[in-house]
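**Q** What follows is a structure written as structure tokens; I'll ask about it next.
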Amino acid sequence: AFGSSIYFVVIALQSDNGVVTKTAYEDSLKYEGVLEKLRASKRLGWKVGVKTDSRVLSVSLADSVDAPITDAKIAVRALYPADQALDLNGALHPTNHPGDYQLEIQLPAPGVWLIEISALRGEQEYLWKDQIVVR
């Protein structure tokens with residue numbers, strides 16, 4: 001009984017302590033900033049459509065009156081919670097169809113990916129976040 005207790009103490013001391021971040025306060029402030037950007041994005045009334053297949057991420061962007069937005073700079077972050085080493089960043093490029101942007105990107109692992117789209121047009125910034133499942 002004593003030997004097994006020592007074993008569990010050793011395992012407990014050597015295992016992950018469960019701390020996700022050492023800067024929780026700073027991280028919470030950053031997250032509050034993200035929430036404010038999402039609220040501001042909603043107030044803009046822009047419409048974002050996102051499609052992905054195994055090789056291409058497509059984004060359609062329209063303003064509050066459904067006019068295509070053709071002059072935005074669009075960046076994407078693809079975050080893979082299971083392994084941050086697989087996270088990807090990129091810039092989408094306009095297509096021949098007004099308001100549509102694309103990026104050739106291959107998500108390297110199956111599972112849930114968090115997608116963050118940031119669209120800049122002049123002083124306006126639109127932030128969109130969602131998750132997709134890659135099979």
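**Q** Write out, first by first residue and then by second, each pair whose Cβ atoms fall under 9 Å of each other, whose residues are 6+ apart or on separate chains, and whose first residue, in the range 120-135, is touching a residue at least 24 places away in the same chain (Cβ under 8 Å) and within 18 Å of residue 89 (Cα to Cα) while the second is assigned to a strand (DSSP E or B) and basic (Lys, Arg).
**A** 120/73
**Q** Residue 111: more than 17 Å from the chain's Cα centre (by Cα), on the phi > 0 side of the Ramachandran plot and at pLDDT 90 or above, yes or no?
**A** On the way: more than 17 Å from the chain's Cα centre (by Cα): no; on the phi > 0 side of the Ramachandran plot: yes; at pLDDT 90 or above: yes.
When the stated conditions are applied, residue 111 does not pass them.
**Q** Okay, moving on. Could you list, in sequence order, the residues of the range 73-100 that are within 17 Å of residue 129 (Cβ to Cβ) and either touching a residue at least 12 places away in the same chain (Cβ under 8 Å) or in contact with an Asp or Glu (Cβ under 9 Å, 6 or more places away or on another chain) (or both)?
**A** If we filter the range 73-100 for residues that are within 17 Å of residue 129 (Cβ to Cβ), which is where we start, we get 74-81, 84, 87-90, 92.
Residues satisfying the conditions are 74, 75, 76, 77, 78, 79, 80, 81, 88, 89, 90, 92.
**Q** Only one of 81, 98 is of a type outside the set (Val, Ile, Thr) and more than 13 Å from the chain's Cα centre (by Cα); which? I'd like the intermediate steps shown before the answer.
**A** Details: 81 fails: more than 13 Å from the chain's Cα centre (by Cα).
From the options 81, 98, the qualifying one is 98.
Yes/no per residue for (1) in contact with a Lys or Arg (Cβ under 9 Å, 6 or more places away or on another chain); (2) modelled with pLDDT of 80 or more; (3) exposed (fewer than 12 other Cβ atoms within 10 Å of the Cβ); (4) of a type in the set (Ser, Thr, Tyr):
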site	(1), (2), (3), (4)
24	no, no, yes, no
35	no, no, yes, no
60	yes, yes, no, yes
74	no, yes, no, no
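**Q** If you go through the range 80-116 one residue at a time, how many are under 23 Å from residue 40 (Cβ atoms) and either β-branched (Val, Ile, Thr) or surrounded by 17 or more Cβ atoms within 10 Å (Cβ to Cβ) (or both)? It would help to see each step written out before you state the result.
**A** Within the range 80-116, the first condition is being under 23 Å from residue 40 (Cβ atoms), and the residues that meet it are 89, 91-92, 99, 101, 114-116.
Filter once more, so that each one left must be either β-branched (Val, Ile, Thr) or surrounded by 17 or more Cβ atoms within 10 Å (Cβ to Cβ) (or both): 92, 99, 101, 115.
Residues that pass the stated criteria total 4.
**Q** Filter the range 117-133 down to the residues that are in a strand (DSSP E or B) and over 14 Å from the mean Cα position of the chain (by Cα), then identify the one that is surrounded by the most Cβ atoms within 10 Å (Cβ to Cβ). Working first, answer last.
**A** First, pick out the residues of the range 117-133 that are in a strand (DSSP E or B): 117-121, 124-133.
Remaining after also requiring over 14 Å from the mean Cα position of the chain (by Cα): 120-121, 124-125.
Values: 120: 13, 121: 17, 124: 14, 125: 15.
Result: 121.
**Q** Could you pull out the residue among 54, 41 that is surrounded by 10 or more Cβ atoms within 10 Å (Cβ to Cβ) and either in contact with a helix residue (DSSP H, G or I) (Cβ under 9 Å, 6 or more places away or on another chain) or at pLDDT below 90 (or both)?
**A** Values: 54 fails: surrounded by 10 or more Cβ atoms within 10 Å (Cβ to Cβ).
Within the list 54, 41, the selection yields 41.
The values are calculated or read from the model by the stated rules, or taken from the named source; none is laboratory data. The shown structure was predicted, so the numbers you read here are calculated from the model rather than taken from an experiment. Don't worry about glycine lacking a Cβ; one is built from the backbone with ideal geometry, like all the others, and counts go over all protein chains shown.
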